[in-house]
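The values are calculated or read from the model by the stated rules, or taken from the named source; none is laboratory data. Predicted, not measured: the structure shown is a model, and the values here were computed from it. Ideal geometry is used to build each Cβ from the backbone, glycine not excepted, and the neighbour counts take in all protein chains shown. Calculation scope for accessible area: heavy atoms of the full protein, side chains included, ligands and nucleic acids excluded. Shrake-Rupley method; radii C 1.70, N 1.55, O 1.52, S 1.80 Å.
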Amino acid sequence: MEYLEIAKSKLQTLRALDNYYILAIESSCDETAVAITRNTEIVASVISSQIDIHKRFGGVVPEIASRNHILAIDNLVKEAFKKANLTFNDISVIAVTYGAGLLGALLVGVAYAKALAYALQLPLIAINHVKSHVFANFIAHKDLQMPFMCLLVSGGHTEILEVKSYHDIEILGSTLDDAVGEAFDKVARVLGFSYPGGPEIEKHAKLGKNCISLPRAFKGEKHFNFSYSGLKTAVLNYVNTLKLKGQDIPYNDIACSFQTEAVAVLVEKAIRACKKNNYNKLCIAGGVAANGYLRNELDKAGKKHNIEIIAPPKYLCTDNAAMVGVAGYFAIKEGIGASDLYQDADARA
Ligand code: KG4
Ligand code: ZN
């Protein structure tokens, strides 16, 4: 039998099963990550972060990211198996992030997963990175049921999603320009903070005051789209004007004012989307969901409007492979097809 026939038939038998092991691989940006999961359980999860490598450039350099994924991936897979105390023979399926992300970086994970799937004659499933962030919520919230609303906030995406199933996720609103994480990173760079900017802004914001007035896009409008480029540019202009005048730059106040405004828009729209669509459950996902101020503000708004706020633990908000494995488990139940050996990476998936 051809590889794909074998893969399809093995995947078919898994659809009705539970308690099988998934090997999950994620390499969409600057984290190489491997996990072994079972249902919504993490059996092992390992991450090799490239943050220190990219720090000196102030952001991720795609070519360098790809090369470092190549260096890391094989050892990481070995480490995951060691931690799980399992072998290749215990795995039933391989799940890999195929997009969205940096093309060269994604290709490393996809090529590795294809080769391993073929060698082991195991089915391969291609998982969407954005969706996998959403499914991180199931790891710590075992009784979570779809449908729910989700505020997805990462370095590449800012979306309000109605999550009905893995295959049926409706985008109610999204950013028309910069993602909120991208805005955090760019503002941090202007302020001279190190990469990644999100956690740095959060740290400095705690020391500052919300005393600088910044613009809000789409004020008063009823839709759920976002725009962060105006806010980012306003901060940039503010800093440049002070620099031209030779005045001190109030870094902490700028960080606090920016974070307050960036988060206020997210909270307002996500809560309004829940109310409009009659949802009393809101999940959050993506790297920016690790932001403590956002989590607090959402909790406050949730209490006020009777909406339960559900969030993954902070370490599962940023990129990891456990979420890929768990998304894979749901995708298999819903009938995702086995990938063939032509499976490609897709930067814009
Ligand atoms: O989900 P993620 O790890 O990768 C993408 O899929 O993009 O998100 C990375 C983004 C970066 O922009 C980073 O600055 C932001 O998440 N981020 C944060 C925090 N931790 C990470 N933003 C605000 N506050 C944080 N604590
Ligand atoms: Zn991500």
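If we scan segment 176-195, do we find a residue that is more than 27 Å from the chain's Cα centre (by Cα), more than 30 Å from LEU161 (Cα to Cα) and open to solvent by less than 40 Å² (accessible area, probe 1.4 Å)? Full working, then the answer.
Taking segment 176-195 as the starting set, the residues that turn out to be more than 27 Å from the chain's Cα centre (by Cα) are none.
No, segment 176-195 has no match at all.
Could we say that LYS275 is open to solvent by 60 Å² or more (accessible area, probe 1.4 Å), modelled with pLDDT of 95 or more, touching a helix residue (DSSP H, G or I) at 6+ places or on another chain (Cβ under 8 Å) and more than 16 Å from ligand 1 (Cβ to nearest atom) here?
Working: open to solvent by 60 Å² or more (accessible area, probe 1.4 Å): yes; modelled with pLDDT of 95 or more: yes; touching a helix residue (DSSP H, G or I) at 6+ places or on another chain (Cβ under 8 Å): yes; more than 16 Å from ligand 1 (Cβ to nearest atom): yes.
Criteria met by LYS275.
May I ask you to say which residue of LYS142, LYS114, LYS131 is over 22 Å from ARG295 (Cβ atoms) and either of a type in the set (Lys, Arg) or within 14 Å of ligand 2 (Cβ to nearest atom) (or both)? Walk me through it before giving the result.
Numbers: LYS142 fails: over 22 Å from ARG295 (Cβ atoms); LYS131 fails: over 22 Å from ARG295 (Cβ atoms).
The unique qualifying residue is LYS114.
State which residue is farthest from ligand 2 (Cβ to nearest atom) when the search covers only segment 24-39 and only residues that are open to solvent by 10 Å² or more (accessible area, probe 1.4 Å) and in a strand (DSSP E or B).
In this case the residue turns out to be ARG38.
Among ILE64, ILE73, which is without any contact (Cβ under 8 Å) to a residue 60 or more places away in the chain, out of contact with any Lys or Arg (no Cβ under 8 Å at 6 or more places or on another chain) and crowded, with 20+ Cβ neighbours inside 10 Å? Full working, then the answer.
Values: ILE64 fails: crowded, with 20+ Cβ neighbours inside 10 Å.
Exactly one residue qualifies, and that residue is ILE73.
Can you pull out the residues in segment 202-230 that are of a type in the set (A, V, I, L, M, F, W, C) and open to solvent by less than 30 Å² (accessible area, probe 1.4 Å)? If you could, list the steps in order and put the result at the bottom.
Just the residues of segment 202-230 that are of a type in the set (A, V, I, L, M, F, W, C), to begin with: 205, 207, 211-212, 214, 217-218, 224, 226.
Correct list: ALA205, ILE212, PHE224, PHE226.
Hey, HIS54 hits all of (1) within 16 Å of ligand 2 (Cβ to nearest atom); (2) open to solvent by 10 Å² or more (accessible area, probe 1.4 Å) but one; which does it fall short on?
(2)
From the residues in segment 299-349 that are farther than 30 Å from TYR118 by Cβ and buried (at least 24 other Cβ atoms within 10 Å of the Cβ), which one is nearest to ligand 2 (Cβ to nearest atom)?
THR318
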